[in-house]
1. Could you tell me what percent of the accessible area of the protein assembly as shown is made up of carbon and sulfur, with a 1.4 Å probe and every protein chain present?
2. Work out the FRET efficiency for B:Lys67 and A:Arg283 from their Cβ-Cβ distance, taking R0 = 30 Å, and round it to the nearest 0.05.
3. About the Cα centre of the range B:2-67, how large is the charge dipole given +1 on each Lys and Arg Cβ and -1 on each Asp and Glu Cβ? Please answer in debye to the nearest 20.
4. May I ask you to find the residues of the range B:24-43 that are shielded by at least 30 Å² of accessible area once the whole protein assembly is considered instead of their isolated chain (probe 1.4 Å)?
5. Please list the radius of gyration and Dmax for the range A:1-126, considering alpha-carbon atoms only, with Å as the unit.
6. Between 0 and 90 degrees, rounded to the nearest ten: what's the tilt of helix A:409-427 against the longest Cα principal axis of chain A?
7. In the range A:44-64, what residues drop by 30 Å² or more in accessible surface going from the chain by itself to the full protein assembly, probe 1.4 Å?
8. I'd like the orientation of helix A:296-320 relative to chain A: the angle between its Cα long axis and the longest Cα principal axis, in ° from 0 to 90, rounded to 10.
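The values are calculated or read from the model by the stated rules, or taken from the named source; none is laboratory data. The structure presented is a predicted model; accordingly, all values stated were derived computationally and were not measured. Neighbour counts run over all protein chains shown; Cβ positions are idealised from the backbone, glycine included. For the accessible areas, the whole protein counts, side chains as well, though only heavy atoms, and no ligand, DNA or RNA atoms are used. Shrake-Rupley method; radii C 1.70, N 1.55, O 1.52, S 1.80 Å.
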Amino acid sequence: MFEQAISAMASVMVDPYLLGLIFATTVLGVIIGVLPGLGATTGAALLLPFTLTMDPVHAIAVLATIYVSATFAGSITAILINTPGTSAAAATTFDGYPLAQKGEAGRALGIAVISSTVGGIFSVLILCFAAPLLARVAYEFRSPEYFALTVFGLSMLASISAGGAVKNLIGGIFGVWLSTIGAERVTGIERFMFGNYELYEGLHFVPIFIGLFAISELLVQSKTVDKIIKTVSMKAVKLPTKEDYKKIWKTILRSCGIGTFIGVLPAEGATVASMIGYSEARRWSKNKKEFGKGSIEGIAGAEAANNAATGGAMVPTMVLGIPGSGTTAIILVGLMVHGLRPGVYLFTEQVEKVYQIFGSMFVANVMFMLMGLYAAKLFARVSLVPTQILWPIVFALSVIGAYAFQGQLLDVWLALIFGVIGFFARRHGFSVAPIAVGLILGEMVETNLQHSLKMFDGQWWLILTQPLALMFLIFAFLGLCGPVIFSWITKQKD
Amino acid sequence: MKYMKNKIYLIPLILAIFSLSVIAISLQLDTSPEMIVGDSMQARSFPIFLMILKLFLLGILTYQFYKNKPKAVSLEKYHTWGSMLLFLLFYLLTVYTDMFIGIFVVIFLMSILWGEKRLWVAFLTATVTPGLVFLLFDFVLKIRFPRGILMNLYYG
């Protein structure tokens, strides 16, 4: 198994086509990452239709590369123009931009590049070891455990960064309801189709995701057309000095652990990881006063954590079929479209492909490091592309991407409708990621609940007699009610 | 003033109406014979359960709004409403003429709507983007586009 994994990962290095593809996608991912508003999720949603005709490993490598490189690239604009290219880089602005204003933009970018690379590579290594182990545990799972696990995944939506807990849960439930549209799997009864037989097999994820992430973002960006962007000048990216390394190595390691752990949690992602990575860097720092004024520990803490979350988020996605973030929800769709069924069988029947994907992520981390060090200045200029040119192009890519997936115009209309729904949801403080995660998990919840009920002759409470299922349901309960209970206890103590 | 004060409950109200409508539609769904469903659920049960859960959460959200009044949402600029209208125009042009004519017109108008003053730049973006995308999808990805005025000329 170990030898097979190593040789599969090494095979990436000797496949010129795959290496070329990863290089091209890294360039694209960095461009997507530096363009404010586009980000890894929108980029992956737009790119998914282009991967349809590719070999499964190449397709997932493309999506995973976009994920890691765009997550890193958000830091470039966060440092140079105080606008995070992705939400995961928001914490980088706290210290990155002040340091750049002091005339040390190159140093800030150098620290961001090195921290992101270490975070990314660390999480890929954890992914290589943790995923097969988790897959072995998941081998024991039956319907009650999967049902409880998906309920746990949905409960974690309460703590997604954007929106409030209640709003996120409402979004998640809306997403689960969307998954009930079409013919019911056991009885074949048509639900909410209103005579539209193109919906018989249900709503497909791709047009919905393009709508929720890309089209809704287009409408959000239409509110910012008059925004004037000011850039900080920079000569070249500087690698951290020995003193810098001495100052940040502990922070980087801590953030690697935090980021990977948070990434593994269902429905959490790089944004939460970077915020916690940043606040922990501040908490453990001897120079707390520097934070907010250009602390290199702050940059390292946020950047190592957000890139470490990328590998972590792939663990539940590939092993359990539960996406760890909006982008991994799209990668999960990519896996399913290409016949790579996430779960135990992926790690027993298609080990080689799995490790080739991991290997691609490793290579992508190295490539974005090189690009970050030698071409960050060039990429930063991309962020100055006028919105009135960029977003109409995104519109064209969105509608053609939505159409190309199944070759039906209904998907284009769905993408536009969900774009408008997503926009209004965001306008009122609802995040769209819970809708996407709910849509993916919806079928799993219902199907596994049905199977569990059949297993226990309709006595649903017997699900609680299964130890693992009970554990996940307790976690779900704690995830939902824990903060309320703890704040009540604290109030009583006070 | 009173109207503005109550406006914050509009979103929970709309969502509650939506949930009640889903429950009403679910109750109209066919039921399966006992021998097929067995000890499991009817097709209507799960959506109804979801909507009841959603109504419960909407109750909590309304209470939260009552306790902490949410910030007022600023009205969108004409760019946003105009972009949505362009989506409608895209639908009409795609259905009655051709998808690529729709894309060309929408890109051109959206560029101008969003502030592009140079007509030639808007025209170039509107021409080159669909052109490149068409070449990529048709030649590389082998995807056939829906028939319309232009596609009929191309496919014959």
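1. Details: 18660 of 27790 Å².
It is 67 percent, rounded to a whole number.
2. Values: r = 30 Å, r/R0 = 1.01.
Using R0 = 30 Å, I get an efficiency of 0.50.
3. Details: 6 positive and 3 negative charges, 151 e Å.
About 720 debye.
4. SASA drop of 30 Å² or more in the range B:24-43: B:Ile25, B:Leu29, B:Ser32, B:Ile36, B:Asp39, B:Ser40, B:Met41, B:Ala43.
5. Calculated on Cα positions, Rg and Dmax stand at 16.0, 51 Å.
6. Around 60 degrees separate the two axes.
7. Relative to the lone chain, where solvent access is computed with a 1.4 Å probe, the range A:44-64 loses at least 30 Å² at A:Phe50, A:Thr53.
8. 20
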